[in-house]
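Peer 1: My questions will all concern the structure given below.
Since every read-out is calculated from the coordinates, none of them should be taken as a lab result. Just so you know, these numbers come straight off a predicted model, no measurement behind them. Ideal geometry is used to build each Cβ from the backbone, glycine not excepted, and the neighbour counts take in all protein chains shown.
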Amino acid sequence: MDILETVKIRALAYGDLDAIVAIDKALLGKERPEYWSMKIELTENRAPMASLVAELDGSVIGFILGDVSGWEYGVPDTIGWIDIIGVHPTYQRKGVARILFKAMVANMKKVGVDSIYTFVNWREFDRLNFFDQMGFQKGDLIHLELKLGT
Ligand SMILES: CC(C)(COP(=O)(O)OP(=O)(O)OC[C@H]1O[C@@H](n2cnc3c(N)ncnc32)[C@H](O)[C@@H]1OP(=O)(O)O)[C@@H](O)C(=O)NCCC(=O)NCCS
């Protein structure tokens, strides 16, 4: 069966902490409850409906954390950001990230966002391919780096 028929998208809530920590552990191999607690608390002050979860039969299987720019890096408030998107490995390649992304975009459009930015390591081809498939092009921001020697 196509799981997308039963997947529900809803706003992220603090109660999703444990599920997100578990997905993150499945993706990264390490548990980061303090990091996620802080991240989810911050979303409460962010653009409403820019941070969403995908639920299957009452369990959270994926999430997207987004925000609308507050002129950080000189980027205007018509720009939305994707901070992080993750889908539990068991449910990947079934279109879950695509529907999370599309729901976030629809919500951002309603508040006047006309472009979405994100950063991806150019060597991470799977992630690049995902964003390519979502319609992203290379943007105008450049990443500056200063190496701090020991
Ligand atoms: C990237 C990620 C969110 C994609 O989630 P997903 O639910 O599997 O993605 P979808 O099924 O919606 O994929 C949509 C399209 O993106 C592309 N894509 C997704 N995952 C891909 C992968 N691992 N390799 C290559 N292309 C990929 C495919 O074209 C896919 O369509 P297809 O399956 O019909 O070919 C998921 O792999 C993940 O959680 N990765 C770890 C965290 C991460 O890298 N996040 C992104 C940066 S914050």
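Peer 1: In debye, nearest 20: dipole of the range 3-133 around its Cα centre with unit charges on the Cβ of K, R (+) and D, E (-)?
Peer 2: Roughly 360 debye, rounded to the nearest 20.
Peer 1: With each label point set 7 Å from Cα along the Cα-Cβ vector, what nm distance links residue 31 and residue 92?
Peer 2: Going from the residue 31 label point to the residue 92 one covers 2.2 nm.
Peer 1: Kirkwood Rh over alpha-carbon pairs of the range 3-133, then Stokes-Einstein at 10 °C and 1.306 mPa s: what D in µm² s⁻¹, rounded to an integer?
Peer 2: Rounded to a whole number, D works out at 105 µm²/s.
Peer 1: Something else now. Pick from 28, 100, 52: which residue has the top mean-square fluctuation in a GNM of the chain where Cα pairs under 10 Å get a spring?
Peer 2: Among 28, 100, 52, the largest GNM mean-square fluctuation belongs to 28.
Peer 1: Could you work out [θ]222 nm for the chain from helices alone, using -39500 (n - 2.57) per DSSP H run of at least four and dividing by all its residues? Round to the nearest 500 deg cm²/dmol.
Peer 2: The per-residue figure over the chain is -9500 deg cm²/dmol.
Peer 1: Turning to a different aspect of this structure: Looking at 52, 27, 42, which one has the Cα that reaches farthest to the positive end of the dipole of the range 13-54 (charges on Cβ: Lys, Arg +1; Asp, Glu -1)?
Peer 2: After comparing all options, I get 27.
Peer 1: Mind running the shape call on the range 70-129? Use the C-alpha gyration tensor, a ≥ b ≥ c as the square roots of the eigenvalues: rounded below 1.5 for a/c, prolate if a/b tops b/c, oblate otherwise.
Peer 2: Oblate, because a/c is 1.5 or more while a/b does not exceed b/c.
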